[in-house]
């Protein structure tokens, strides 16, 4: 077996192990698992951590941020109950990994990032993958994207201190918002599902650890 074939086999084994781990933890939606399988996480991982790309763990990226644990990506994506025609707002583009997974399940993904560096690097990855249904914006994620509202689904990839009322106002009456909520190092992953009459009952999914959702845009050296 040549070296290239050996590397491919290793990658396939690592991916299969990851998918099995996600299933065992409750990510069972076939469409979500297929989207994760089709999204090369190593493309979104810094060179220093390439060998760990297929681990079920969060990893550091630029600007003091992280690429989320695949289980959390799968869980949050599954909780959105996406439909193919959905317009999705993502708060926090980061590496673009979660964005890419969403793009394989929705019609359009609007993603807001407060770091220009991360936005630019993520856009390059989207171009490499040929993802044409992702629209990015440099801005304050806490403000959402009112010009494009209302959205069918909203996903927040940083911890809001309390219920994100401003973002909920940009959601359709029967829409779904998934976000980590809390001020401490451990937050609660919440799912807000619209009742169609203006209410958004909340459901706690699990405890998580996310970087905080900060106001404004970042100043970079």
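Numerical summary
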read-out: Hits in the stretch 30-53 (condition: without any contact (Cβ under 8 Å) to a residue 12 or more places away in the chain, more than 25 Å from residue 83 (Cα to Cα) and out of contact with any strand residue (DSSP E or B) (no Cβ under 9 Å at 6 or more places or on another chain)); value: 47, 50, 51
read-out: Neighbours by Cβ (under 7 Å, 6+ apart or cross-chain): first from the stretch 187-205, within 16 Å of residue 158 (Cα to Cα); second modelled with pLDDT of 95 or more and exposed (fewer than 11 other Cβ atoms within 10 Å of the Cβ); value: 188/204; 190/204
read-out: Count of residues meeting criterion [in contact with a helix residue (DSSP H, G or I) (Cβ under 6 Å, 6 or more places away or on another chain), crowded, with 24+ Cβ neighbours inside 10 Å and in contact (Cβ under 8 Å) with a residue 40 or more places away in the chain] in the stretch 71-91; value: 5
read-out: Among the candidates 98, 65, residue that is touching a residue at least 60 places away in the same chain (Cβ under 8 Å) and under 29 Å from residue 175 (Cα atoms); value: 65
read-out: Subset of the stretch 43-73 [under 18 Å from residue 93 (Cβ atoms) and in a helix (DSSP H, G or I)]; value: 43, 44, 62, 63, 64, 70, 72, 73
read-out: Answer residue from the stretch 74-117, given it is part of a helix (DSSP H, G or I) and in contact with a strand residue (DSSP E or B) (Cβ under 6 Å, 6 or more places away or on another chain) and is farthest from residue 189 (Cα to Cα) among those; value: 116
read-out: Residues satisfying the stated conditions in the stretch 170-208, i.e. on the phi < 0 side of the Ramachandran plot, part of a loop (DSSP other than H, G, I, E, B) and surrounded by fewer than 16 Cβ atoms within 10 Å (Cβ to Cβ); value: 183, 184, 185, 186, 195, 197, 199, 201
read-out: Any hit, the stretch 24-34, residues being part of a loop (DSSP other than H, G, I, E, B) and within 25 Å of residue 141 (Cα to Cα); value: no
read-out: Residues of the stretch 207-221 satisfying the condition of being within 22 Å of residue 171 (Cβ to Cβ) and over 16 Å from the mean Cα position of the chain (by Cα); value: 214, 215
read-out: Residues (in contact (Cβ under 8 Å) with a residue 24 or more places away in the chain and in a helix (DSSP H, G or I)) located in the stretch 147-169; value: 148, 166, 167, 168
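Residues are listed down the side, and each one gets a yes or a no for (1) within 20 Å of residue 75 (Cβ to Cβ); (2) modelled with pLDDT of 95 or more; (3) in contact with a helix residue (DSSP H, G or I) (Cβ under 8 Å, 6 or more places away or on another chain):
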residue	(1), (2), (3)
96	yes, yes, yes
117	no, yes, yes
133	no, yes, yes
136	no, yes, yes
146	no, yes, no
159	yes, yes, no
170	no, yes, yes
180	yes, yes, no
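The values are calculated or read from the model by the stated rules, or taken from the named source; none is laboratory data. Since we're looking at a predicted model, the values are computed, not measured. Neighbour counts run over all protein chains shown; Cβ positions are idealised from the backbone, glycine included.
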